[in-house]
Amino acid sequence: MSRRAFIIVIDALGVGAMPDAASYGDAPGANTLGSIDAHADRLHLPVMASLGLGHLFPMRHVPAVPAPTGAWGKMAERSKGKDTTTGHWEMMGMILDEPFPTYPEGFPPEVIEAFIAQTGCGGVLGNKPASGTQILDELGEQHLETGWPIVYTSADSVFQIACHVDKIPLETLYNWCHIARQILRGTHEVSRVIARPFTGARAGQFKRLGDKRHDYAVLPPADNVLTRLQQAGVATIGVGKISDIFCAQGITHSLPTQSNAHGLAVTEQLITGPLGSNMSVRDEGALKLEALRHQPQLVFVNLVETDMNYGHRRDVDGYARALEAIDTALAHWLPLMQPDDLLMISADHGCDPTAPGSDHTREYVPLLCAGGNLSGQDLGTRATFADIGQTALKWLVPQLPELGKGLPGVAII
């Protein structure tokens, strides 16, 4: 079997405030993992501890084991921002010098008026920063009465459109998102337009349909780690919302998932071999084990619930349970990995569930590695998330050392 690299992004798992965090509006001392460790009723992460997680800083629940079996460190973000797109893009060698715009007062009239005129939706509800669940309770019933979409943003650079699937067909919602994406260019080029379909009869019963969510991201630069790997014959497999983040550029197979549990199950099957018939993923048929067995593979996984369900909602214990579920999955994966497999675990930003408000936090992110002859290595503080992409290039295509030239970052192997 050819070489494989697995990048697992635990969305929003920061490990301490960066020096410039205050300039991003963060309260002092944000530390997502540290706050969970300090305030959760329990936090049992034996596998991540064995890889070296407890060596990042002192924790109550996660020990610094004497002889880690993996490598550990943390990474600084060079890009301007603290959002999903910025973090993932930097991992793949794209540094943003200017942050994507945000709208703490809602979107300006020229954006909303153009959206109403071009979609023919009649009007919009909301147009303000809001929690995705709270705004459904606030405006969902009015949406059912009027048919007007609920438009909202957050502290992130996003234009979100929520519609009830029985009131507005999914195809219409997705088309409205395409129209919004075309409007939001230039000065107002937000990082993502997000379709947020939901169900339910009344406030308190509305529920977002995560598996029907679609993200419409800014098109990334054509030259990055993913496109270079693809050109070099590497199968690049995006699990979760990875393909949406990169607008499918450089992704040979996209496997959208319904939850963290689903994403973990899909990843385990990619580690062990063929996808089973019960995976319920849109591109399942495109993944043929025999076709992939003889080419190197990058499996790039995003586990979003730590951010979406627990970080933004300030649920410390829920975040802790989600981390424990990931750790349990790792316990299954590690014995199944092959000698030519490399596993890298990291995050894209922070979202301290004890910090004021519901914003992301500008933090260092962890880097844990298994495989690649990295046992027991302290990787220190890396200058950029792009070290992950450079490492993937060097590991998967060692015969082409020039492949990483011109991109930021330094390989850790």
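The values are calculated or read from the model by the stated rules, or taken from the named source; none is laboratory data. Quick caveat: nothing in here was measured; it's all calculated off a predicted structure. Reconstructed Cβ throughout: ideal geometry from the backbone, glycine too, with neighbour counts over all protein chains shown. Accessible surface is based on the protein model in full, side chains and every heavy atom, while ligands, DNA and RNA are left aside. Shrake-Rupley method; radii C 1.70, N 1.55, O 1.52, S 1.80 Å.
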Can you give the alpha-carbon Rg of the range 31-185 over 2.2 N^0.38 Å, where N counts its residues?
-> 1.43
Mind grabbing the accessible area of residue 167 for me, 1.4 Å probe, Å², rounded to tens?
-> 90 Å²
Report P(r) for the range 161-233: all Cα-Cα distances, bin width 10 Å, range 0 to the bin holding the largest distance, values in whole percent.
-> 18, 35, 27, 15, 4, 0
Surface share of carbon and sulfur [accessible, 1.4 angstrom probe, percent] for the chain | 51 percent
Where 272, 306 fall by accessible area, highest first, once all protein chains stay in place (1.4 Å) | 272, 306
Of every Cα-Cα pair in the range 78-162, the percent that sits beyond 21 Å = 41 percent
Residue-level accessible surface for residue 24, protein heavy atoms, 1.4 Å, Å² | 50 Å²
When ligands, DNA and RNA are left out and all protein chains stay put, how many square angstrom of accessible area per residue does the chain have with a 1.4 Å probe?
-> 38 Å²
For 385, 57, write out the residues from largest to smallest accessible area, computed with a 1.4 angstrom probe and no ligands counted.
-> 57, 385
What do you get for Rg/Rh of the range 36-77 when both radii come from the Cα atoms and Rh is the Kirkwood radius?
-> 0.98
Amide proton proximity set for residue 198, modelled H, under 5 Å, gap of 5+ = 163, 164, 165, 209
Phi-derived 3J(HN,Hα) across the range 392-398 with the Karplus relation (6.51, -1.76, 1.60, θ = phi - 60°), rounded Hz, x for Gly and Pro, is 4, 4, 5, 6, 7, 10, x
How big is the Cα convex hull of the range 352-395 in projection, averaged over all directions, in nm²?
-> 4.5 nm²
With each pseudo-label sitting 7 Å past Cα toward Cβ, what's the residue 373-residue 20 distance in nm, one decimal?
-> 3.7 nm
Once the Cα atoms of helix 170-183 and of the chain are each reduced to a long axis, what angle between those two axes, in degrees from 0 to 90 to the nearest 10, is obtained?
-> 80 degrees
How many percent of DSSP beta bridges within the chain run antiparallel, rounded to 5?
-> 35 percent
Pair residue 331, residue 78: separation of 7 Å Cα→Cβ label points (nm) | 3.9 nm
Please list the non-local residues whose amide H lies under 5 Å from the amide H of residue 347, H modeled 1.01 Å from N, same-chain partners needing a gap of 5 or more.
-> 10
Of the residues 225, 173, 355, the Cα lying farthest along the dipole of the chain towards its positive end, which is defined by charges on the beta carbon of Lys, Arg, Asp and Glu, belongs to 225
Expressed as an acute angle from 0 to 90° and rounded to the nearest 10, what is the orientation of the C-alpha long axis of helix 132-146 relative to the principal long axis of the chain?
-> 30 degrees
If the cut-off is 18 Å between C-alpha atoms, which aspartates and glutamates fall inside it for residue 394, apart from same-chain ones fewer than 8 positions away?
-> 90, 223, 340, 341, 402
Accessible surface of residue 35 - all protein chains present, 1.4 Å probe, nearest 10 Å² = 10 Å²
Top to bottom by accessible area (1.4 Å), largest first, where do 395, 148 land?
-> 148, 395
Report relative contact order for the range 51-116 in percent, whole number only (criteria: Cα-Cα under 8 Å, sequence separation at least 6).
-> 21 percent
In Å, the Kirkwood hydrodynamic radius of the range 1-115 over pairs of distinct alpha carbons?
-> 17.2 Å
Assuming a viscosity of 0.890 mPa s and a temperature of 25 °C, what translational diffusion coefficient in µm² per second does Stokes-Einstein assign to the chain, Rh being the Kirkwood radius over Cα pairs?
-> 113 µm²/s
